[in-house]
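A.B. asks: Below: one structure in structure tokens.
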Amino acid sequence: MMGDLASRASGRRRSFRRPALLRRLIPLVAASGLAAAAVAAPPGAPAQFGVNRVNLAWLDAAGREKVLDQIAQSGIRSVRLSVTNPIDASIDAVRVAHQKGLAVLLEVSLNNRALYPEGTKPRSGRGRIWDMYRLSDISPDLYRTIVGDVLQRIDRFGVPLVAVEPGNEINWGAYNGDLDIQPEANVRTARSLADLSDPAALERGAANYVQLLQVTRQELAKTKLSRGAKVVSAGLSDIPPAHADRRGIDSIDPASFTALLRKHGLDKAADGYGIHIYPGGDTSPSARQQHVDQALSICRTRPEEGKPCWITEWGYANTAKTCPADDRRRERLVKATRERFSELMRAGRIAAAFYFDWDATTYGIWRCGELSPAGRAAVTP
């Protein structure tokens, strides 16, 4: 999660109920059914790239259709969408995306009070970030009720999902209440499980989370059209320790957090590991390469070693507001990173990559009424 987090936060999805501070957050599935195989690309298959568009549920029906039409008309084939409140509108966005020939990776927000026993309180964000529920408190049974209903409704609309990704960035405190928000910013935050104030709670949350993945697979198996969809673990944040310190929000590096989940059965529950990568545009090429390779160190092809990765968010900022968009520098950065992704896709270590975000203010690639040069480099075949 390198880059300007503040500018990203202004456009990112946080939950079923979230403040306007944040938005964030996922298809050629259609008649042939070949897109699902293309997205989960085996070694040697063509690389598959898509785009995020978060909070479509917050737009009216005409607005949702307009955005998804822009994406489809730009030659993009896959989109990561989120199930968040209002749920009816979230499901409608999936329906419309499918109608426009877009394959859908569905992310499920876990910051929904309906997923937790009555009376459960979220951990405070101390006024610096939103409050967040603890994974150690989540109820797999309540999750089954809600997600099972969502998947059945999507099925009745005739939509075959490519994958379902329960949760988002659960390795840092913004999206997992078992991790601390420190009393003040600009302090040293946790670097490892041993640094946590309550490691036992994080352990319980990890065990609960793996149960959510198992439930997701079971509920997908009950559908007619999505029983072959992949189960992808929550995209983990790549936020550097120094940035976590500036925010005063605990985070655990993706490798350590993945190891914790694997301890509780991740590899039997998931088909792929979700990961987010924001290499930052202000560092050297070698530093960006190191950042990408470190984040993707968890991605494996041998089953006994782990799973391939799904990069469910990646991107570079461009703060220019002029039209036509000046995207030349970002285009070079995107091309270099995409090439690295393509290499790892050919090796089988990456299954898919979804750029963040379609039209976000800073990271967006829909600029001045068209797909920007960086956008064409990021998401078109």
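The values are calculated or read from the model by the stated rules, or taken from the named source; none is laboratory data. All values derive from a computational prediction rather than experimental measurement. Glycine also receives a Cβ, built like all others from the backbone with ideal geometry; neighbour counts cover every protein chain displayed. Keep in mind that these areas ignore ligands, DNA and RNA; they rest on the heavy atoms of the full protein, side chains included. Shrake-Rupley method; radii C 1.70, N 1.55, O 1.52, S 1.80 Å.
A.B. asks: Since ARG288 meets every condition but one in (1) in contact with a Leu (Cβ under 9 Å, 6 or more places away or on another chain); (2) closer than 25 Å to LEU106 by Cα, which condition does it not meet?
C.D. replies: Among (1) in contact with a Leu (Cβ under 9 Å, 6 or more places away or on another chain); (2) closer than 25 Å to LEU106 by Cα, the lone unmet condition for ARG288 is (2).
A.B. asks: Kindly evaluate ASP357 against the criterion of being touching a Leu at 6+ places or on another chain (Cβ under 8 Å), open to solvent by less than 10 Å² (accessible area, probe 1.4 Å) and of a type in the set (Asp, Glu). Break it down stepwise before answering.
C.D. replies: Details: touching a Leu at 6+ places or on another chain (Cβ under 8 Å): yes; open to solvent by less than 10 Å² (accessible area, probe 1.4 Å): yes; of a type in the set (Asp, Glu): yes.
Criteria met by ASP357.
A.B. asks: Taking helices (runs of 4 or more DSSP H) that do not extend beyond the stretch 218-319, which have at least 1 residues that are closer than 26 Å to ALA360 by Cβ and open to solvent by 10 Å² or more (accessible area, probe 1.4 Å)?
C.D. replies: 241-247, 254-263, 285-295
A.B. asks: Open to solvent by 10 Å² or more (accessible area, probe 1.4 Å), at pLDDT 95 or above and in a loop (DSSP other than H, G, I, E, B): which single residue out of ASP141, ASP178 fits that description?
C.D. replies: On the way: ASP141 fails: in a loop (DSSP other than H, G, I, E, B).
Within the list ASP141, ASP178, the selection yields ASP178.
A.B. asks: Additional query: Give the residue that is nearest to ILE71 (Cα to Cα), with candidates limited to residues of the stretch 111-132 that are in contact with a helix residue (DSSP H, G or I) (Cβ under 7 Å, 6 or more places away or on another chain) and crowded, with 19+ Cβ neighbours inside 10 Å.
C.D. replies: Filtering first and then ranking leaves LEU115.
A.B. asks: Does any residue of the stretch 73-80 turn out to be over 21 Å from the mean Cα position of the chain (by Cα) and within 27 Å of GLN218 (Cα to Cα)?
C.D. replies: The answer is no, given that none of the residues of the stretch 73-80 is over 21 Å from the mean Cα position of the chain (by Cα) and within 27 Å of GLN218 (Cα to Cα).
A.B. asks: So, ASP359, is that one farther than 27 Å from PHE257 by Cα and at pLDDT below 95 or not?
C.D. replies: No: the conditions fail for ASP359.
A.B. asks: Would you confirm whether or not the stretch 132-148 contains a residue that is more than 25 Å from LEU260 (Cβ to Cβ) and either of a type in the set (Gly, Ala, Ser) or touching a Ser or Thr at 6+ places or on another chain (Cβ under 6 Å) (or both)?
C.D. replies: yes
A.B. asks: Those residues that are within 23 Å of SER284 (Cα to Cα) and in contact with a helix residue (DSSP H, G or I) (Cβ under 8 Å, 6 or more places away or on another chain), I need them from the stretch 299-333; list them, please.
C.D. replies: Across the stretch 299-333, the qualifying residues are ILE311, TRP314, GLY315, TYR316, ALA317, ASN318, THR319, ASP327, ARG328, ARG330, GLU331, LEU333.
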